[in-house]
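Trainee: To start, I am sharing the structure in question, which I have written as structure tokens.
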Amino acid sequence: MNTLPSIRVGIGHLARRLGVSIRTLRFYEEAGLVQAERGRRREERTFDADECRTLEQVVALRAVGLSVRQIGELIAIDQDTEDYRAKLAAALSQVLAEKIREVRAIEHLLSSARASGVE
């Protein structure tokens, strides 16, 4: 059986594609969220398709406000399970509740500023 070599994506290309810095991807690797394959020189890192998908998920979850710890707990779970969906929903609900509190605080400050004659 003839198998094709797995396609690997360099860290620089992947960082540009995801809209993050190379340092951010290295941080995620150091945090244990993904594992890059290292080239002959230590700074050469490449990621396979599965790791690229994981990093896409990590970047999206960080963008909405989940912590690296929360993301690590989530990606350790099989995504096709009810447990994963329940934990993801709980984490996102927590983030949403915090964002709502922040918006309400801003609305309160804005209302106070307007009442003081500031526009």
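Trainee: Which is basic (K, R) and surrounded by 11 or more Cβ atoms within 10 Å (Cβ to Cβ), of R40, R17, R114, R101?
Mentor: R17
Trainee: Consider region 48-61. How many of its residues are of a type outside the set (S, T, N, Q) and touching a helix residue (DSSP H, G or I) at 6+ places or on another chain (Cβ under 7 Å)?
Mentor: 6
Trainee: Can I ask one more? Is at least one residue of region 77-86 of a type in the set (S, T, Y) and surrounded by 11 or more Cβ atoms within 10 Å (Cβ to Cβ)?
Mentor: Yes - at least one qualifying residue is present in region 77-86.
Trainee: Hey, another quick one. Checking the structure you have, find out if any residue of region 81-99 is closer than 30 Å to R17 by Cβ, part of a loop (DSSP other than H, G, I, E, B), of a type outside the set (K, R) and not assigned by TED's automatic domain parsing to the domain that holds A15.
Mentor: Yes, that holds for at least one residue.
The values are calculated or read from the model by the stated rules, or taken from the named source; none is laboratory data. No experiment lies behind these values; they were computed from the predicted model shown. Glycine also receives a Cβ, built like all others from the backbone with ideal geometry; neighbour counts cover every protein chain displayed.
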